[in-house]
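Engineer: Dumping the structure here so I can ask a few things about it.
The values are calculated or read from the model by the stated rules, or taken from the named source; none is laboratory data. Small disclaimer: the values here were computed from a predicted structure and weren't measured. All Cβ positions, glycine included, derive from the backbone under ideal geometry; neighbour counts span all protein chains shown.
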Amino acid sequence: MNRNYFTGQDVRRLEEKTLDIRHDVLNMIYRAKAGHPGGSLSAAEIVTALYFHVMNIDPNRPDDPDRDRFVLSKGHACPVLYSALAERGFFDKKELDTLRQYHSILQGHPDMNKVPGLDMTTGSLGNGLSVAVGMALSGRMKGQDYMTYVLLGDGECQEGMVWEAAMAASHHRLKNLIAIVDCNGVQINGWVNDILRVEPFADKWRAFGWAVIEIDGHDMRQVLTALHDARTMRCPTVILARTVKGKGVSFMEDNSAWHGAAPNAEQLAQAMREIEEGAD
Amino acid sequence: MALMATRMAFGHELIEIAKTREDFVVCNADTKTCGLEKFGTYFPEREFSFGIAEQNLVGGSAGLASCGNKVFLATFAVFASMRACEQVRTFICYPNLNVTIIGTHAGLQVGGDGATHAAIEDVSIMRAFPNMTVIQPSDAVSARAAAHAAVDFKGPLYIRLHRNPVADIHNPDTYQFEIGKSYPILDYGKDLTMFVSGILLKKAMDAAELLRERGVGVRVVDMPTIKPLDRAAVLQAAGETGAIMTIEDHTIYGGLGSAVAEVVCQECPVPMAIVGIQDRFGESGDPELLYRDNGMDVDSIVSKAMALAARKH
């Protein structure tokens, strides 16, 4: 496997991996009886592409100073990240059964001091891009060639601090910083553009000095291509990934009720079936 | 005697330290008016500008710290503690990152800038965060020494500095700053102990002289570390002098007075008096007038000390 390009075989391998990730996400939230399935499922392709193809990371050396960094700014989607880290071998998959439990390494929102391979504590929205700016500045200062990736939600971009960080990233010409926005269009109380419009979204990022790539965030080929192209830019790049909240589970899709709710046993069984069927 | 603001002494010393030590960086938000103005001129690779955006300043500092860098960030205490309050809590204190927050323009000493820029509640806020250490030098000597201690410190640290020049009190040849330690300054008897944090130390010393003339024997102790508090010093003061006064350029709610009272009321109950800002905002004016309005001038300290000593009997 070469991180610098991808083959059709890579695409098929990664698409299959998203099934494991989606299964994990639903199982974790079902067991925990709480969590955020909608925004975890919408980010499954993005996180899978990063952790199983694009990022330079080694489960045996989670603290390698030269590793690529990832910040899950939309920290509530941590089930998808926990699953990726476990599937990638950073910790035992059995830990996934302990999500949100007392003394679990898998807190309801990510804690960098508890989870091997987790680069930053997050959960409070709007903060991750700033942290990623700091990581990218550090890499450049020290002459390290790692990339810093940060995943945000589109609703999250209502936070003003996102734009403070966007301004800083282009001011400092951080071409080693790639932001991906999981544009699933839905936040807790409904459609993002009903609650507080973020459009014209691409224009906003361009006005802040970013290169913008717009893709279908569930098309693995587009995700991989965008992540590759973003690494060749001379400025910070944002990938606006159009996604579907709750992707893969019919009753969760585009439904804000599943932003932060756990399925019951029956719903879990149906969800698992639909994910399998969707793969065919 | 030369006058020097604690903020300038700290920043100048940090630049001096940076000439021989490469293991820290500085993040600033335009308001780096703490003697660090030239840091970027000398060390352009080690300074990062975040503009007038304090939340991003703190978040960016967290990112730099997560990559193994010791980070100093500088801004006004009001903005560090309140504009970026949650970022300090959740992205520095919770992950326990190695960031020193330099908060300047503390208390009523800010004077003319008025209430919006006078941080009167920053210690209460910073002290409430788990993992946070809080220190406040009393003069340029202790501020310089604190800079050295801060460079060697690991973890979240808040340093509260004042804007206007003050006279040196500590002896630069002998003073050694140790986080968590208090420093006896005067010992005129066993009637009460004054614990002081910050630049009001001189007022406490002047008050102690006047009280001595009136037959009231006071001990004065400089308490630069507000968290973790030097509990042993508080217990000793309670046991040996039987009454404790705290003095700080900060609201009476949540600062040094509260920290000392938490120890006193639980472990060594004795009469206490808390001298500080009286649950009101600052305003423009000569700091000395503002101190008098809040009962923080030398005469007020003397009369409050007399009343406190009388309560022992």
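Engineer: Of these, B:His162, B:His148, which one is under 22 Å from B:Asp206 (Cα atoms), in contact with an Asp or Glu (Cβ under 8 Å, 6 or more places away or on another chain) and not acidic (Asp, Glu)?
Structural biologist: B:His162
Engineer: Only one of these is closer than 20 Å to B:Asn294 by Cα and not aliphatic (A, V, I, L, M): B:Gly103, B:Gly111. Name it. Let's see the steps before the verdict.
Structural biologist: Values: B:Gly103 fails: closer than 20 Å to B:Asn294 by Cα.
Just a single option satisfies the conditions, and that option is B:Gly111.
Engineer: Separate question: Quick one: in the stretch A:126-138, of everything that is more than 7 Å from every other protein chain (Cβ to nearest Cβ) and in a helix (DSSP H, G or I), which residue is surrounded by the most Cβ atoms within 10 Å (Cβ to Cβ)?
Structural biologist: A:Leu129
Engineer: Would you call A:Gly123 in a loop (DSSP other than H, G, I, E, B), under 17 Å from A:Met28 (Cβ atoms), more than 8 Å from chain B (Cβ to nearest Cβ) and not hydrophobic (A, V, I, L, M, F, W, C)?
Structural biologist: On the way: in a loop (DSSP other than H, G, I, E, B): yes; under 17 Å from A:Met28 (Cβ atoms): yes; more than 8 Å from chain B (Cβ to nearest Cβ): no; not hydrophobic (A, V, I, L, M, F, W, C): yes.
Against the criterion (in a loop (DSSP other than H, G, I, E, B), under 17 Å from A:Met28 (Cβ atoms), more than 8 Å from chain B (Cβ to nearest Cβ) and not hydrophobic (A, V, I, L, M, F, W, C)), A:Gly123 does not qualify.
Engineer: Further question: Restricting to the stretch B:256-270, name every residue that is outside any helix (DSSP H, G or I) and β-branched (Val, Ile, Thr).
Structural biologist: Our first condition is that a residue be outside any helix (DSSP H, G or I); within the stretch B:256-270, this holds for B:268-270.
Residue satisfying the conditions is B:Val270 alone.
Engineer: Of the conditions (1) part of a loop (DSSP other than H, G, I, E, B); (2) in contact with a Gly (Cβ under 7 Å, 6 or more places away or on another chain), A:Met28 satisfies every one except a single condition; which number is it?
Structural biologist: Here A:Met28 clears every test but (1).
Engineer: Can you tell me which residue is surrounded by the fewest Cβ atoms within 10 Å (Cβ to Cβ) among those in the stretch B:29-38 that are under 23 Å from the mean Cα position of the chain (by Cα) and more than 14 Å from chain A (Cβ to nearest Cβ)? Quick ask: steps written out before the conclusion?
Structural biologist: First, the residues of the stretch B:29-38 that are under 23 Å from the mean Cα position of the chain (by Cα): B:29-37.
Cutting the leftovers down to more than 14 Å from chain A (Cβ to nearest Cβ) gives us B:31-37.
Numbers: B:Thr31: 18, B:Lys32: 23, B:Thr33: 18, B:Cys34: 29, B:Gly35: 25, B:Leu36: 23, B:Glu37: 15.
Filtering first and then ranking leaves B:Glu37.
Engineer: Could you please let me know if B:Val166 is within 20 Å of B:Ala232 (Cα to Cα) and touching a residue at least 12 places away in the same chain (Cβ under 8 Å)? Walk me through how you get there before you give the answer.
Structural biologist: Details: within 20 Å of B:Ala232 (Cα to Cα): no; touching a residue at least 12 places away in the same chain (Cβ under 8 Å): yes.
Here the answer is no, as B:Val166 does not meet what is asked.
Engineer: So, one more: Hey, any hits in the stretch A:257-280 for a residue that's touching a strand residue (DSSP E or B) at 6+ places or on another chain (Cβ under 8 Å) and closer than 30 Å to A:Tyr146 by Cβ? Explain how you work it out, then say what you get.
Structural biologist: Taking the stretch A:257-280 and keeping what is touching a strand residue (DSSP E or B) at 6+ places or on another chain (Cβ under 8 Å), we get A:259.
Next cut, closer than 30 Å to A:Tyr146 by Cβ only: none.
Checking the stretch A:257-280: not a single residue is touching a strand residue (DSSP E or B) at 6+ places or on another chain (Cβ under 8 Å) and closer than 30 Å to A:Tyr146 by Cβ.
Engineer: Only one of A:Val223, A:Val249, A:Val244 is among the β-branched types (Val, Ile, Thr), crowded, with 23+ Cβ neighbours inside 10 Å and either free of Cβ contacts under 8 Å to residues at least 12 places away in the same chain or farther than 22 Å from A:His53 by Cα (or both). Can you tell me which? Step through it out loud before you land on a result.
Structural biologist: Working: A:Val223 fails: either free of Cβ contacts under 8 Å to residues at least 12 places away in the same chain or farther than 22 Å from A:His53 by Cα (or both); A:Val244 fails: crowded, with 23+ Cβ neighbours inside 10 Å.
From the options A:Val223, A:Val249, A:Val244, the qualifying one is A:Val249.
Engineer: A further question follows. Quick check on my filter: what residues within the stretch B:82-93 are more than 7 Å from chain A (Cβ to nearest Cβ) and crowded, with 24+ Cβ neighbours inside 10 Å?
Structural biologist: Of the stretch B:82-93, the ones more than 7 Å from chain A (Cβ to nearest Cβ) are B:82-85, B:88-89, B:92-93.
Hits for the stretch B:82-93 are B:Ala84, B:Val88, B:Ile92.
Engineer: Output the residues belonging to the stretch B:68-81 that are among the small types (Gly, Ala, Ser), in contact (Cβ under 8 Å) with a residue 12 or more places away in the chain and at the interface with chain A (Cβ under 7 Å from one of its Cβ atoms). Please lay out each step first, then the result.
Structural biologist: First, pick out the residues of the stretch B:68-81 that are among the small types (Gly, Ala, Ser): B:68, B:74, B:77, B:80-81.
Going one step further and asking which of them are in contact (Cβ under 8 Å) with a residue 12 or more places away in the chain, we end up with B:74, B:77, B:80-81.
Within the stretch B:68-81, none qualify.
Engineer: Please count how many residues of the stretch A:63-111 are under 17 Å from the mean Cα position of the chain (by Cα), in a helix (DSSP H, G or I) and not aromatic (Phe, Trp, Tyr).
Structural biologist: 12
Engineer: I've got another one for you. Yes or no: A:Gln144 away from chain B (no Cβ under 13 Å), over 27 Å from A:Ala257 (Cβ atoms) and surrounded by fewer than 23 Cβ atoms within 10 Å (Cβ to Cβ)?
Structural biologist: On the way: away from chain B (no Cβ under 13 Å): no; over 27 Å from A:Ala257 (Cβ atoms): yes; surrounded by fewer than 23 Cβ atoms within 10 Å (Cβ to Cβ): yes.
In short, no.
Engineer: May I pose another question? What are the residues in the stretch A:102-119 that are more than 14 Å from chain B (Cβ to nearest Cβ), loosely packed, with under 14 Cβ neighbours inside 10 Å and not hydroxyl-bearing (Ser, Thr, Tyr), if any?
Structural biologist: The one that is more than 14 Å from chain B (Cβ to nearest Cβ), loosely packed, with under 14 Cβ neighbours inside 10 Å and not hydroxyl-bearing (Ser, Thr, Tyr): A:His103.
Engineer: Next question. Of the residues in the stretch B:43-67, how many are part of a helix (DSSP H, G or I), among the hydrophobic types (A, V, I, L, M, F, W, C), at the interface with another protein chain (Cβ under 7 Å from one of its Cβ atoms) and over 12 Å from A:Asn127 (Cβ atoms)?
Structural biologist: Step one: list which residues in the stretch B:43-67 are part of a helix (DSSP H, G or I), which gives B:44-46, B:54-66.
So of that shortlist, the ones also among the hydrophobic types (A, V, I, L, M, F, W, C) come out as B:57-58, B:62, B:64-65.
Checking the rest, the ones that are also at the interface with another protein chain (Cβ under 7 Å from one of its Cβ atoms) come to B:62, B:64.
Now drop any that are not over 12 Å from A:Asn127 (Cβ atoms), which leaves B:64.
Here the count works out to 1.
Engineer: Let me ask another. With (1) touching a residue at least 40 places away in the same chain (Cβ under 8 Å); (2) of a type in the set (S, T, N, Q); (3) crowded, with 17+ Cβ neighbours inside 10 Å as the list, and B:Ser284 as the residue in question, which single condition is left unmet?
Structural biologist: (3)
Engineer: I need every pair where a residue in the stretch A:183-205 that is modelled with pLDDT of 95 or more has its Cβ under 8 Å from the Cβ of a residue that is among the aromatic types (Phe, Trp, Tyr), sequence separation at least 6 or different chains.
Structural biologist: A:Cys183/A:Phe201; A:Gly185/A:Trp191; A:Lys204/A:Trp163
Engineer: Would you point out the residue of the stretch A:64-92, among those that are surrounded by fewer than 24 Cβ atoms within 10 Å (Cβ to Cβ), among the charged types (D, E, K, R) and touching a residue at least 12 places away in the same chain (Cβ under 8 Å), that is farthest from the other protein chains (Cβ to nearest Cβ)?
Structural biologist: For the stretch A:64-92, the residue satisfying everything is A:Glu87.
Engineer: Could you say which residue among B:Gly68, B:Gly59, B:Gly63 is more than 22 Å from the chain's Cα centre (by Cα), over 18 Å from B:Ile159 (Cβ atoms) and surrounded by fewer than 22 Cβ atoms within 10 Å (Cβ to Cβ)? Please lay out each step first, then the result.
Structural biologist: Numbers: B:Gly59 fails: surrounded by fewer than 22 Cβ atoms within 10 Å (Cβ to Cβ); B:Gly63 fails: surrounded by fewer than 22 Cβ atoms within 10 Å (Cβ to Cβ).
B:Gly68 is the lone residue from the list that is more than 22 Å from the chain's Cα centre (by Cα), over 18 Å from B:Ile159 (Cβ atoms) and surrounded by fewer than 22 Cβ atoms within 10 Å (Cβ to Cβ).
Engineer: A:Ala34 - would you say it is out of contact with any helix residue (DSSP H, G or I) (no Cβ under 9 Å at 6 or more places or on another chain) and of a type in the set (Gly, Ala, Ser)? Even if it seems obvious, please write down each step before you answer.
Structural biologist: Values: out of contact with any helix residue (DSSP H, G or I) (no Cβ under 9 Å at 6 or more places or on another chain): yes; of a type in the set (Gly, Ala, Ser): yes.
Criteria met by A:Ala34.
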